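Report on one structure; see the data block that follows.
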Amino acid sequence: MKVVIIGGDAAGMSAAMEIVRNDKSAQIVVLEKGDIYSYGQCGLPYVINGKVPNTDELIARDVEEFRSKYDIDARIFHEVTAIDTKLQTVSGHDVNSKEPFEFAYDKLLIATGAAPKMPPLENADLQGIHMIKTIPQMNALMEQLPNVKHVTVVGGGYIGLEVVETVRERGLDVRLIHQGSQLMSILDPELSKIIYEEAISHGVEVLLNEETIGFEGKQCVEAIRTKTGTYPTELVIVATGVSPNTQFAKEFAKLGNGALIVNEKMETSIANVYAAGDCASHFNRLKQHDDYLPLGTTANKQGRIAGLNIAGFNYKFSGIVGTSILKFFDLQIGMTGLSNADADKLHALVEAYVMEVNDIASYYPHASKMKLRMLVEQQSRKLVGLQIVGKHGVDKRIDVFATALYNEMTFEELLDLDLAYAPPFSGVWDALMQAPKRYGKKG
Ligand SMILES: Cc1cc2nc3c(=O)[nH]c(=O)nc-3n(C[C@H](O)[C@H](O)[C@H](O)COP(=O)(O)OP(=O)(O)OC[C@H]3O[C@@H](n4cnc5c(N)ncnc54)[C@H](O)[C@@H]3O)c2cc1C
């Protein structure tokens with residue numbers, strides 16, 4: 001069986017390794033337009049503050065290892081531009097030599113990820129304007145950072161915030177420009193306010209409600225222009241979201257944003273073609289429809305399932321509940337499930353329980369407060385969503401709650417969970433139990 005995989009990172013290589021393990025007869029060709037395979041994209045921001053010494057540390061497996069150890073025909077600089085789904089071929093060209101190529105497949109996996117969005121801004125081709133999605137992009141940024149003192153980050157979502165933190169920790173002045181009225185727009189305003197205050201307390205200049213329209217400078221960027229004003233800066237990092245790399249898949253069924261719609265087996269609308277990761281749809285268990293939440297965890301899971309199914313098994317992707325977490329200076333910010341806006345769109349009647357709770361026993365050293373906001377469906381009492389901002393222990397609560405969401409537990413059932421307790425780790429009633437204990441239905 002000839003298997004072609006487009007994209008050599010998380011989803012693509014998770015699939016490739018499952019096929020290698022489970023189908024010794026498969027001939028696997030991977031077509032990657034860059035020259036780096038299997039790297040930890042999520043670790044890129046931490047190269048800026050030196051927590052990761054350099055981008056080489058992020059590479060999990062070298063291309064050569066895939067070739068020599070696993071007998072995968074791992075190509076580099078091979079950019080796919082077309083798929084002929086009738087003849088079952090993919091074609092494209094070598095990025096450097098422009099030499100064309102064509103490969104036939106019995107099974108094809110599209111794992112091309114997503115590209116960072118550069119809004120249509122004036123003078124976006126000036127030097128010193130960066131996006132961070134790949135190792136070469138991060139290396140280019142790291143070459144320039146030693147020469148500047150002031151950086152502007154455009155976009156107050158999770159990547160923007162991670163970059164703001166790491167640039168500031170490098171000792172540079174940072175301005176964050178965000179188009180919306182609050183950072184991390186998915187969060188409830190009360191929780192988002194804590195993030196804003198954290199940024200200010202770490203000396204970040206935050207401009208909200210400012211729409212960036214372009215840049216000024218001769219060769220290098222010297223200022224950024226918004227609808228409100230012009231602000232001098234020496235380097236800009238744009239982090240305004242991503243869109244799926246699926247331009248070459250014209251006849252495929254797609255979501256509104258271009259992500260390839262896949263079923264639970266990771267099959268697309270075209271026979272023998274699978275898709276996984278940031279270029280594919282992600283079934284949301286709570287919304288009960290396809291969603292788009294491009295995350296590394298999901299890319300690895302979907303890639304594994306696509307690989308196992310290509311190898312002849314019958315695995316199913318159970319769907320996401322929308323779990324994510326990030327660190328922002330001294331804060332941990334976690335969320336899972338639906339936000340209020342999601343619930344409104346689904347016309348779900350929900351109740352919100354907002355509380356400030358201790359992360360560990362209040363008398364134990366370094367106990368701190370975390371603010372949590374729990375959403376519960378009014379009628380069924382089923383858990384719907386959780387957002388938490390705190391200093392410690394957010395990860396544990398978000399993961400417990402995500403497990404509860406997966407198992408469709410109710411608000412009151414949180415009290416039945418047998419969670420670990422000792423004073424350095426939680427209160428005798430865990431942070432997650434405080435709301436149902438106080439507000440849960442009796443009897
Ligand atoms: C800065 C940053 C921080 C992140 N932090 C987190 C985090 O903390 N937690 C989390 O869960 N997720 C995080 N993510 C998201 C996570 O990295 C992605 O969800 C994950 O890498 C997606 O994997 P993928 O294999 O689908 O796509 P990618 O990793 O993007 O890989 C796709 C590959 O396909 C190649 N390709 C694209 N088009 C073509 C073509 N036409 N021909 C040939 N090759 C092609 C690309 O070169 C690329 O190598 C972060 C992302 C970024 C950028």
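The values are calculated or read from the model by the stated rules, or taken from the named source; none is laboratory data. These numbers come from a predicted model, not from an experiment. With ideal geometry, Cβ positions are generated from the backbone for all residues, glycine too; neighbour counts draw on all protein chains shown. Side chains included, ligands, DNA and RNA excluded: accessible areas come from the protein's heavy atoms. Shrake-Rupley method; radii C 1.70, N 1.55, O 1.52, S 1.80 Å.
Residue-wise test of (1) near the ligand (Cβ under 9 Å from one of its atoms); (2) touching a strand residue (DSSP E or B) at 6+ places or on another chain (Cβ under 6 Å).
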| site | (1), (2) |
| --- | --- |
| Val4 | no, yes |
| Gly7 | yes, no |
| Ala11 | yes, no |
| Ser14 | yes, no |
| Gln27 | no, yes |
| Lys33 | yes, yes |
| Ile36 | yes, no |
| Tyr39 | yes, yes |
- Note on the structure: The residue that is nearest to Asn257 (Cα to Cα), considering only those in the stretch 290-307 that are among the hydrophobic types (A, V, I, L, M, F, W, C) and in contact with a helix residue (DSSP H, G or I) (Cβ under 7 Å, 6 or more places away or on another chain), is Ala299
- Does Asp395 meet the test of being among the acidic types (Asp, Glu) and surrounded by 21 or more Cβ atoms within 10 Å (Cβ to Cβ)? no
- Would you check if there is a residue in the stretch 317-335 being open to solvent by 60 Å² or more (accessible area, probe 1.4 Å), of a type in the set (Asp, Glu) and over 26 Å from Arg381 (Cβ atoms)? yes
- Note on the structure: The condition from (1) away from the ligand (no atom under 13 Å from the Cβ); (2) β-branched (Val, Ile, Thr); (3) crowded, with 16+ Cβ neighbours inside 10 Å that Thr89 misses is numbered (3)
- Task: Could you check, for the stretch 288-301, whether at least one of its residues is among the aromatic types (Phe, Trp, Tyr), away from the ligand (no atom under 12 Å from the Cβ) and modelled with pLDDT of 95 or more?
- Result: no
- Message: I'd like the full set of residues that are touching a Leu at 6+ places or on another chain (Cβ under 6 Å) and open to solvent by 50 Å² or more (accessible area, probe 1.4 Å), limited to the stretch 64-86.
- Response: Arg75
- Message: Is it the case, given these coordinates, that Lys254 is open to solvent by 40 Å² or more (accessible area, probe 1.4 Å), of a type outside the set (A, V, I, L, M, F, W, C) and closer than 18 Å to Gly12 by Cβ?
- Response: no
- Query: Got a number for residues in the stretch 21-38 being touching a Lys or Arg at 6+ places or on another chain (Cβ under 9 Å), of a type outside the set (Asp, Glu) and surrounded by 18 or more Cβ atoms within 10 Å (Cβ to Cβ)?
  - Reply: 7
- Note on the structure: Per the filter on the stretch 217-251, residues closer than 30 Å to His289 by Cβ and either of a type outside the set (D, E, K, R) or open to solvent by less than 70 Å² (accessible area, probe 1.4 Å) (or both) are Ala239, Thr240, Gly241, Val242, Ser243, Pro244, Asn245, Thr246, Gln247, Phe248, Ala249
- Message: Give me the residue from the stretch 41-63 that is of a type in the set (Gly, Ala, Ser) and within 15 Å of the ligand (Cβ to nearest atom) and, out of that set, most open to solvent (accessible area, probe 1.4 Å).
- Response: Ala60
